[in-house]
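I have placed the structure first, in the form of structure tokens, so that the comments after it can refer back to it.
The values are calculated or read from the model by the stated rules, or taken from the named source; none is laboratory data. Here the structure is a predicted model, which means the values were calculated and not measured. As a convention, Cβ positions derive from the backbone with ideal geometry for all residues, glycine included, and neighbour counts pool all protein chains shown. Heads up: the accessible areas ignore ligands, DNA and RNA and are worked out on the full protein's heavy atoms, side chains in. Shrake-Rupley method; radii C 1.70, N 1.55, O 1.52, S 1.80 Å.
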Amino acid sequence: MILNAKKIFLLLIAASTADAANVTGWLYDNLCINNCEGTSGPTSCTPDGSNAFYTPSVHTGECLLFDFCIQSGHSIMSEFPGEDGRHSLVLKLVDEANTTAYELVKDSGITTSFPKVVAVFDDSQVVSTDADGVPSVSTVTSLTYEAPPKDPWAENPDKYYSGAPTTQAVCNKPSDGRWFNNLCFRSDVEVSVEDGMLVIESNGCPDHMSMTGGSDGTIENENEFPCDVFEFAPGCNKEKPGGSCGKCGGCNACSDKCNACATYCAGVCSSKTCSACGDSC
């Protein structure tokens, strides 16, 4: 087939109008977005405790798969917040694109914080644009999620969860912090430098429900402080020992900072040694 120059030129124009666009952000169901409208800060307005406009990164795959969330459709919130700290709606997924979003979450098996997604589409897939300039696409060329970063703590459990005692340097002023004393942080806190900034990393208590999945959302857990481990926690029956060395008991000489009393008498025993626990130290 022979095409004249004019037809070739018109074909090139048509191809150029269908430029592919990439949108990276956080997948959200429209119901949760609507619930969070009008909020002015990172207050909880969704079943998983996240906020579409302030904390979209902690929206969970579990919440995205609730029936009422699926039925409301899906959209993508901006990857980064604006100067006001608020994320914005950047893409609406309708019709087949919405089905693609649902299948992405379902097939991923991710129930904790859902990672960032990347949607690729072109002009021919845009069916409308709202008053704020946000496009709606009926199909997408591709919709993928970024692999969540690997947890170095989970990859090296012998190092971080060895059960070995932790240590901490006692620093009287900020300048006492050095690399050899872990900048005065506890020994099980990782301190490093990244892009000229200090990165303070702690994995918390891995057996606590509120630490599950790396989410900074709030997870209610009635057994957060079990009495067999935290015997002095609120709601547990055991009372703390008395507030002076003379009442703690088991501290006959005090040469070791009053042994069991040390935790509760730090404000009373001002010196490292004393002749007897009944003394003012």
(request) Quick one: dipole size for the range 71-135, taken about the Cα centre, charges +1 on Lys/Arg Cβ and -1 on Asp/Glu Cβ, in debye to the nearest 20. (result) 260
(message) I want to check the label-to-label distance for T129 and K159. Put each point 7 Å from Cα in the C-beta direction and report it in nm to one decimal.
(response) 4.9
(message) Given the whole protein assembly as supplied and a 1.4 Å probe, what does the accessible area of L198 come to in Å², nearest 10?
(response) 100
(request) Read phi for every residue in the range 131-142 and hand back ³J(HN,Hα) as whole Hz from Karplus 6.51 cos²θ - 1.76 cosθ + 1.60, θ = phi - 60°, with x for Gly and Pro. (result) 5, 8, x, 8, x, 10, 10, 8, 9, 10, 5, 7
(request) Let me know the shape class of the range 136-186, please: from the alpha-carbon gyration tensor, a ≥ b ≥ c as square roots of the eigenvalues, rounded when a/c is under 1.5, otherwise prolate if a/b is greater than b/c, or oblate. (result) oblate
(message) List the residues, sorted by chain then number, that are 5 or more residues from D188 or on another chain and whose placed amide H is less than 5 Å from its amide H.
(response) T167
(message) Can you tell me the convex hull volume per residue for the range 24-111, based on C-alpha atoms, in Å³ to the nearest whole number?
(response) 81
(request) Can you send over the solvent-accessible area of H87, 1.4 Å probe, protein chains only, in Å² to the nearest 10? (result) 20
(request) Show F121, F80 ordered by accessible area, largest first, where the area counts protein heavy atoms only and the probe is 1.4 Å. (result) F80, F121
(message) Keeping all protein chains in place and using 1.4 angstrom, which order do I33, I200, I110 fall into by accessible surface area, from largest down?
(response) I200, I110, I33
(message) Given a 1.4 Å probe and heavy atoms of the protein chains only, how would you sort Y145, Y160, largest accessible area at the top?
(response) Y145, Y160
(request) Would you work out which of Q71, G109, S128 lies farthest towards the positive end of the dipole of the range 69-145? Charges go on Cβ: Lys and Arg +1, Asp and Glu -1. (result) G109
